[in-house]
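K.L.:
Quick one: structure below, then a few questions.
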Amino acid sequence: MSFESLSLPHPNAPQTQSCLRVVGSEAGTNPVPKILKLTLGRPKIKSLAVRMGSGTSNGGIGKKNPHGIGENDGVIIVDHGSRRKESNLMLNEFVAMFKDKTGYPIVEPAHMELADPSIKDAFDICVQQGAKRVVVSPFFLFPGRHWHQDIPSLTAEAAKEHPGVSYLVTAPLGLHELLVDVVNDRINYCLSHVAGDVKECEVCVGTKKCKFTSQ
């Protein structure tokens, strides 16, 4: 197994982002588990993600990239994982939204730990659907230990059972300028909820946590 450092152009930024690519696997077989995709009923909110518009194939939301995701590529969006079921189900909802907006053919959720599906589960399912390359996108804000060590290690283990399938662990979200809009959108929505103009968002629904408090 070997790690290579790659620099991939980000479609929304002039600078490149550092990524990890791990190549090398050993033969082996395990049955692919059947993952039951659950959904959790929440109010549908016309937020920033919806206002960004429809995606275009092979390039992501609003972008065309000749080197982008193709029909033989699988995408795994991986978060940390939680013991709270509602938090894990939100990743399923995000993945469904991501797949709809980008038009990518193979997109699967995964949790690094504490919940299923695991990275191995998602990797197996991507290959089962015909993926020859798998792109693992960490749904993390900054590049900590999980990005440097844990996710590459778990992905390498998953790839051992699929000789010939290459993979890439992309950079986390990082200091992307669009995150400014996301954070600002969230702040304004919560303030609108406190003012009584909108319902609780999909994160706070049922918790009654979105309110001003004082000591």
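K.L.:
Please turn the phi angles of segment 120-126 into ³J(HN,Hα) values with the Karplus equation 6.51 cos²θ - 1.76 cosθ + 1.60 (θ = phi - 60°), one per residue in order, whole Hz, x for glycine and proline.
P.N.:
5, 4, 5, 4, 4, 5, 4
K.L.:
Once the principal axes of the Cα atoms of segment 131-181 are found, what is the range along each, listed largest first in whole angstroms?
P.N.:
Principal extents (Cα only, largest first): 40, 22, 10 Å.
K.L.:
Now for a separate question. DSSP loop GluC sites (Glu not before Pro) in segment 63-136 with at most 16 other Cβ atoms within 10 Å of their Cβ, which ones?
P.N.:
71, 113
K.L.:
State the extension gain, in nm to one decimal, for the chain segment bounded by residue 178 and residue 85, taking 0.36 nm per residue of separation less the distance between their alpha-carbons.
P.N.:
Result for the pair: 30.7 nm of gain on full extension.
K.L.:
Among all the aspartates and glutamates, which ones have a C-alpha under 17 Å from residue 211's C-alpha, if same-chain residues fewer than 8 places away are not counted?
P.N.:
List returned: 185, 197, 200, 202.
K.L.:
Could you grab the relative contact order for segment 90-206? Cα pairs under 8 Å, six or more apart, rounded to a whole percent.
P.N.:
Numbers: 104 pairs, mean separation 23.6, N = 117.
So the answer I get is 20 percent.
K.L.:
Consider just the alpha-carbon atoms of segment 146-215 and return their Rg together with their Dmax, both in angstrom.
P.N.:
Rg, Dmax (Cα atoms, Å): 19.8, 60.
K.L.:
Okay, next question. If you only keep lysine pairs separated by 8 or more in sequence, or across chains, how many in segment 53-189 come under 15 Å at the Cα atoms?
P.N.:
Lysine pairs meeting the criterion: 5.
K.L.:
If you take the alpha carbon radius of gyration of segment 85-180 and divide it by 2.2 N^0.38 Å, what ratio comes out, to two decimals?
P.N.:
Here the answer is 1.07, to two decimals.
Coordinate-derived values only; no laboratory data. Worth saying up front: this structure is predicted, and the values here are computed from it rather than measured. Quick reminder, even Gly has a Cβ in these numbers, built from the backbone with ideal geometry, and neighbours come from all protein chains shown.
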